[in-house]
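The values are calculated or read from the model by the stated rules, or taken from the named source; none is laboratory data. All values derive from a computational prediction rather than experimental measurement. Virtual Cβ from ideal backbone geometry, glycine too; neighbours counted across all protein chains shown.
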């Protein structure tokens, strides 16, 4: 049952996000289940601020400064000026992220990726 549920969760995430390294993301979420509810809400909140059709990529990244430490990133794909992207990230932070990040600690981050 647990495997079926994880497969369904990954399928749902793949419908919301572009997932780079699906096996790594699945493994990360299995080890950090507190991230999943925030991750699901993040899509709604990001689309509210950046626009409904804004592509968002999920990727697990190793921290180069801390051995054996990984972080899941939601990278918002943007084609806009850096100041505009920074302003939108600020709105996202103030409206939602700064309070939402508490349960996930240092396991999940959101940033922009200029395309």
> Within the range 35-44, restricting attention to residues that are in contact (Cβ under 8 Å) with a residue 40 or more places away in the chain and surrounded by 17 or more Cβ atoms within 10 Å (Cβ to Cβ), which residue is nearest to residue 87 (Cα to Cα)?
Replying inline: 42
> When only residues in the range 96-115 that are modelled with pLDDT of 95 or more and touching a helix residue (DSSP H, G or I) at 6+ places or on another chain (Cβ under 7 Å) count, which is farthest from residue 44 (Cα to Cα)?
Replying inline: 112
> What single numbered condition from (1) more than 13 Å from the chain's Cα centre (by Cα); (2) at pLDDT 90 or above; (3) surrounded by 14 or more Cβ atoms within 10 Å (Cβ to Cβ) fails to hold for residue 9?
Replying inline: (2)
> Limited to the range 61-76, what total is found for residues that are touching a helix residue (DSSP H, G or I) at 6+ places or on another chain (Cβ under 9 Å) and free of Cβ contacts under 8 Å to residues at least 40 places away in the same chain?
Replying inline: 2
> Given the conditions (1) at pLDDT below 95; (2) more than 16 Å from the chain's Cα centre (by Cα); (3) within 24 Å of residue 115 (Cβ to Cβ), and given that residue 91 satisfies all but one, which numbered condition is not satisfied?
Replying inline: (1)
>> I'd like to verify a number: residues in the range 77-110 that are outside any helix (DSSP H, G or I) and in contact with a strand residue (DSSP E or B) (Cβ under 6 Å, 6 or more places away or on another chain), how many?
In response: 5
>> So for the range 13-34 (the condition being surrounded by 12 or more Cβ atoms within 10 Å (Cβ to Cβ), free of Cβ contacts under 8 Å to residues at least 24 places away in the same chain and in contact with a strand residue (DSSP E or B) (Cβ under 7 Å, 6 or more places away or on another chain)), does at least one residue qualify?
In response: no
>> Looking only at residues that are more than 25 Å from residue 2 (Cβ to Cβ) and part of a strand (DSSP E or B) in the range 18-76, which one is farthest from the chain's Cα centre (by Cα)?
In response: 62
